[in-house]
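**Student:** Structure in structure tokens, see below.
The values are calculated or read from the model by the stated rules, or taken from the named source; none is laboratory data. Since the model is a prediction, treat every value here as computed from it, not as a measurement. For neighbour counting, all protein chains shown are included, and Cβ atoms are generated from backbone atoms with ideal geometry for every residue, glycine included.
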Amino acid sequence: MVVKVSNLVKRYGDLIALDHLSFSIKEGEIFGLLGPNGSGKTTAINCILALLKYDKGEIEVFGEPMTPESYHIKQDIGIVMQNVAVYNELTVYENIDYFCGLYIKDKALKKKYVEEAIEFVDLGEYRNFRPKKLSGGLLRRLNIACGIAHKPKLIILDEPTVAVDPQSRNRILEGIKELNSNGATVIYTSHYMEEVEQICSRIMIIDKGKAIATGTKEELKAMISLGEKITVESYDVSEQQLARLRELPNIVSVEYNEPLIVIKSSKGKNNLENVLEFIKKENIQFGKIYSELPTLNDVFLEITGKELRD
Amino acid sequence: MFVHIFANRLRCLLRDRETMFWTFMFPLALALFFYMSLSNVGKGEAFQEIDVAVVNDSWYQENQFFRTALEEASRGDDRLFNLTLATGEEARKLLDDGKIKGYIIAGDPPQLIVNESGIYQSIIKSFLDNYTQTFRAVEKVLENDPRIYQEVFDSLGNRKNYVKEAPAAGGKPDNLVYYFYTLIAMACMYGSFFGMREATDIQADITPLAARINIAPVHKLKAFLSSTCAALLIHLSEMMILLAFIRYVLNIDFGPRAGYVLLTTVIGSITGVFFGAFVSAVVKKSEGIKVGILIGVTMIGSCLAGMMYIDMKYIILSKNLPFLYWTNPVNLLSDAFYCLYYFDNLNRYALNIGALSCITVLFCALTYLFIRRRKYASL
Ligand SMILES: Nc1ncnc2c1ncn2[C@@H]1O[C@H](COP(=O)(O)OP(=O)(O)OP(=O)(O)O)[C@@H](O)[C@H]1O
Ligand SMILES: [Mg+2]
């Protein structure tokens with residue numbers, strides 16, 4: 001086990017930020033920590049890093065208890081924190097060099113690593129810029145480079161792609177996969193379910209400090225009853241028609257927010273076909289019509305009764 | 001690791017405009033300002049007699065004791081006053097025409113009329129105050145032993161030495177130099193800006209950057225000390241430049257004990273840096289408030305040490321506020337410089353440096369207690 005967290009409890013005064021949280025991460029995984037704002041992702045990370053005191057529980061990293069003095073463990077951890085942590089007086093290059101130098105003593109090796117990190121986040125043309133002159137997204141990319149330059153065995157990224165544009169985001173996500181395939185274990189925290197779905201080999205969904213589901217994305221989606229979501233655009237549908245629609249086999253719910261009819265069906269065959277046939281038979285005028293497979297948002301919605309993103 | 005952190009810290013701090021302003025540009029500018037506005041005062045104070053008038057009324061004529069005192073002070077080559085006898089109206093006119101700095105109306109206590117306040121006026125005033133004090137003190141003795149008259153006159157005449165005393169340590173007599181001492185002391189204390197940054201950047205609950213350093217495989221106190229060394233080096237260099245500027249550009253003589261002056265500056269710089277670290281570690285408020293505290297404490301300290309008004313420190317002593325005297329680093333520092341300049345004997349210097357060292361050790365210890373925390377309850 002690279003990381004093993006058991007029964008972690010963390011309180012801020014009366015607020016229980018982590019409520020008996022347990023999980024373990026195996027070597028080579030990209031472990032996604034998915035949860036809405038305030039669900040306790042950052043708190044969990046900070047506990048693992050031995051920055052935060054916690055009330056109860058055990059944390060092991062690389063098979064050893066993690067303490068603030070576990071320097072040999074810290075040596076192998078790369079961290080990209082949610083809040084950008086770089087020196088405003090140092091340039092892009094100097095910042096990466098500084099953080100890398102805290103881990104890597106050999107000068108030539110350090111230089112090579114710094115160049116690779118700059119390449120990784122594609123900041124080559126900004127290498128002599130100070131952080132104040134970087135845009136929000138560029139700054140995030142610098143933050144990532146500072147965290148991963150020393151090629152750690154365990155990489156922890158806490159919402160690293162906030163404010164990063166789609167192309168760069170894709171590049172970063174692909175980069176993380178590459179780091180992973182070169183042997184790094186990754187903990188990836190986000191409230192973007194698409195990102196988590198795209199790269200994570202295993203996902204833990206947390207809400208209010210509790211783990212509500214853990215598994216691969218297929219496993220998670222299999223946990224819920226929702227099989228398919230069909231959306232029909234129509235301005236002309238009566239209450240009676242909606243009621244009859246609900247009677248169809250496998251249909252779990254039908255909601256109408258003009259002009260969209262959202263039909264959720266449980267797992268089963270021919271759901272879309274049945275709906276199409278019904279619309280034809282009832283002679284309902286419609287515009288677009290499309291069907292989606294469940295997302296992690298639907299998983300979250302079904303378990304907690306609320307949307308992952310508001 | 002030390003070199004890596006130290007070198008990067010040097011780079012960071014040298015590029016930190018705000019800190020460089022307060023610790024470097026501000027004291028230099030203030031030194032220049034002091035020089036321009038005070039240098040005339042210093043010269044006048046030491047070598048020029050003061051034009052005064054006294055109202056020649058019956059009180060003056062009858063009060064032989066006062067009259068003799070004033071005449072004594074206006075006699076000889078190294079006299080304090082150029083004294084004119086005048087009627088009340090004449091005196092007023094002389095004052096309005098700028099022929100005299102002020103005029104005295106004899107009485108108990110004697111009154112001083114001036115149009116403006118300045119160093120000359122202060123000297124007349126302190127002469128009169130001295131007279132009143134001495135007079136009161138010996139009045140009763142006099143009743144019993146009239147022979148003491150002559151001694152008292154002599155002593156009053158000697159009061160000239162409050163402006164013309166010759167320092168035993170061999171420096172030239174000059175109050176101006178004391179203003180520069182308070183300035184150097186203040187600049188030492190502005191080292192606190194560096195200390196504040198150091199302590200801030202190592203406490204994970206204050207900045208994300210500090211949290212980041214706490215996660216790196218570096219011993220926290222080693223990281224703190226490495227970067228504090230960089231801060232001390234920069235601040236000491238700044239202080240050396242300030243000393244050189246005052247000594248060689250402004251031509252202010254610090255007296256013969258250059259080595260001790262440097263030593264005192266080094267200790268002062270360490271005090272300043274750790275004062276800032278202490279404030280940052282102990283005060284759990286925003287950075288703005290901390291900066292406010294640093295500037296506020298240093299300014300009030302400088303003021304109490306006599307930066308704006310030399311006699312301030314004596315007022316504090318005479319009002320029995322030794323606490324304010326001995327806990328004010330600016331005062332201890334400037335008084336240490338003063339001792340080096342004026343006194344042959346270094347006892348008082350040693351006392352000052354002793355107190356200063358105690359304060360510094362206290363700052364260090366408290367800073368250590370607060371920043372050594374391994375984990376935080378909240379970030
Ligand atoms: N220093 C603190 N003091 C008190 N409460 C805190 C503190 N830090 C976090 N919390 C609370 O703990 C809970 C978990 O916060 P945390 O930052 O771990 O959430 P998160 O999942 O990282 O959210 P986000 O997606 O916004 O980053 C929240 O309810 C938050 O309000
Ligand atoms: Mg967070």
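**Student:** Find the residue count for region A:52-83, including only residues that are buried (at least 22 other Cβ atoms within 10 Å of the Cβ), closer than 21 Å to B:I5 by Cβ and not β-branched (V, I, T).
**Tutor:** Selection size over region A:52-83: 3.
**Student:** Please go through region A:10-48 and give me each residue that is within 24 Å of A:T185 (Cα to Cα), within 13 Å of ligand 1 (Cβ to nearest atom) and β-branched (V, I, T), ordered by number.
**Tutor:** Within region A:10-48, A:T42, A:T43, A:I45, A:I48 qualify.
**Student:** In region B:19-32, which residues are more than 11 Å from every other protein chain (Cβ to nearest Cβ) and touching a residue at least 40 places away in the same chain (Cβ under 8 Å)?
**Tutor:** Start the filter on region B:19-32 by keeping residues that are more than 11 Å from every other protein chain (Cβ to nearest Cβ), which leaves B:21-32.
B:W22, B:T23, B:F24, B:F26, B:P27, B:L28, B:L30, B:A31, B:L32 - these are the residues of region B:19-32 that are more than 11 Å from every other protein chain (Cβ to nearest Cβ) and touching a residue at least 40 places away in the same chain (Cβ under 8 Å).
**Student:** Out of A:K221, A:K229, which single residue is away from ligand 1 (no atom under 16 Å from the Cβ), charged (D, E, K, R), part of a helix (DSSP H, G or I) and closer than 22 Å to A:V299 by Cβ? Before you say what the answer is, go through the steps one by one.
**Tutor:** Numbers: A:K229 fails: part of a helix (DSSP H, G or I).
The match here is A:K221.
**Student:** Taking the stated definitions as given, is B:G118 touching a residue at least 40 places away in the same chain (Cβ under 8 Å), in the same structural domain as B:D57 (by TED's automatic domain parsing) and either more than 29 Å from B:L38 (Cβ to Cβ) or touching a Lys or Arg at 6+ places or on another chain (Cβ under 7 Å) (or both)? Break it down stepwise before answering.
**Tutor:** Working: touching a residue at least 40 places away in the same chain (Cβ under 8 Å): yes; in the same structural domain as B:D57 (by TED's automatic domain parsing): yes; either more than 29 Å from B:L38 (Cβ to Cβ) or touching a Lys or Arg at 6+ places or on another chain (Cβ under 7 Å) (or both): no.
No; evaluated as a whole, the condition is false for this residue.
**Student:** Continuing with this model, one more query. Considering region B:207-253 alone, what residues qualify as being assigned to a helix (DSSP H, G or I), without any contact (Cβ under 8 Å) to a residue 60 or more places away in the chain and in contact with a Ser or Thr (Cβ under 8 Å, 6 or more places away or on another chain)?
**Tutor:** Going residue by residue through region B:207-253, those that are assigned to a helix (DSSP H, G or I) are B:208-215, B:220-249.
Okay, now just the ones that are also without any contact (Cβ under 8 Å) to a residue 60 or more places away in the chain, so B:208-210, B:212-215, B:225, B:228, B:232, B:236-237, B:239-240, B:243-244, B:247-249.
Residues satisfying the conditions are B:A210, B:L232, B:L236, B:M239, B:M240, B:L243.
**Student:** A further question follows. Condition first: within 28 Å of A:V5 (Cβ to Cβ), within 16 Å of ligand 1 (Cβ to nearest atom) and either within 8 Å of another protein chain (Cβ to nearest Cβ) or not in a strand (DSSP E or B) (or both). Can you find one or more residues in region A:58-74 that meet it?
**Tutor:** The initial filter retains those residues of region A:58-74 that are within 28 Å of A:V5 (Cβ to Cβ), namely A:58-74.
If we keep only those that are within 16 Å of ligand 1 (Cβ to nearest atom) too, we end up with A:59.
After this cut, where a residue has to be either within 8 Å of another protein chain (Cβ to nearest Cβ) or not in a strand (DSSP E or B) (or both) as well, the list is none.
No.
**Student:** I'd like the full set of residues that are over 25 Å from the mean Cα position of the chain (by Cα) and either free of Cβ contacts under 8 Å to residues at least 24 places away in the same chain or not assigned by TED's automatic domain parsing to the domain that holds A:L139 (or both), limited to region A:82-97. Full working, then the answer.
**Tutor:** Step one: list which residues in region A:82-97 are over 25 Å from the mean Cα position of the chain (by Cα), which gives A:87-95, A:97.
A:E94, A:D97, listed by residue number.
**Student:** Determine which single condition A:I212 fails, assuming it passes every other condition in (1) touching a Leu at 6+ places or on another chain (Cβ under 9 Å); (2) assigned to a strand (DSSP E or B); (3) in contact (Cβ under 8 Å) with a residue 40 or more places away in the chain.
**Tutor:** For A:I212, the exception is condition (1).
**Student:** Restricting to region B:202-224, give me the number of residues that are more than 8 Å from chain A (Cβ to nearest Cβ) and of a type in the set (K, R).
**Tutor:** Looking only at that region, the number is 1.
**Student:** Okay, moving on. Could you look through region A:5-45, keep only residues that are within 12 Å of ligand 2 (Cβ to nearest atom) and surrounded by fewer than 18 Cβ atoms within 10 Å (Cβ to Cβ), and pick out the one that is nearest to the other protein chains (Cβ to nearest Cβ)?
**Tutor:** Ranking the qualifying residues of region A:5-45, first place goes to A:G38.
**Student:** Let me ask something else about it. Just checking, how many residues over region A:232-282 are within 31 Å of the chain's Cα centre (by Cα) and buried (at least 19 other Cβ atoms within 10 Å of the Cβ)?
**Tutor:** Within region A:232-282, residues that are within 31 Å of the chain's Cα centre (by Cα) and buried (at least 19 other Cβ atoms within 10 Å of the Cβ) number 8.
**Student:** Looking at B:I246, is it at pLDDT 90 or above and within 14 Å of chain A (Cβ to nearest Cβ)? Talk me through it step by step, then tell me what you get.
**Tutor:** Numbers: at pLDDT 90 or above: yes; within 14 Å of chain A (Cβ to nearest Cβ): no.
No: the conditions fail for B:I246.
Table: residues versus (1) part of a helix (DSSP H, G or I); (2) not basic (K, R).
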{"site": "B:L263", "(1), (2)": "yes, yes"}
{"site": "B:S269", "(1), (2)": "yes, yes"}
{"site": "B:V273", "(1), (2)": "yes, yes"}
{"site": "B:F278", "(1), (2)": "yes, yes"}
{"site": "B:K290", "(1), (2)": "yes, no"}
{"site": "B:G296", "(1), (2)": "yes, yes"}
{"site": "B:C303", "(1), (2)": "yes, yes"}
{"site": "B:M308", "(1), (2)": "no, yes"}
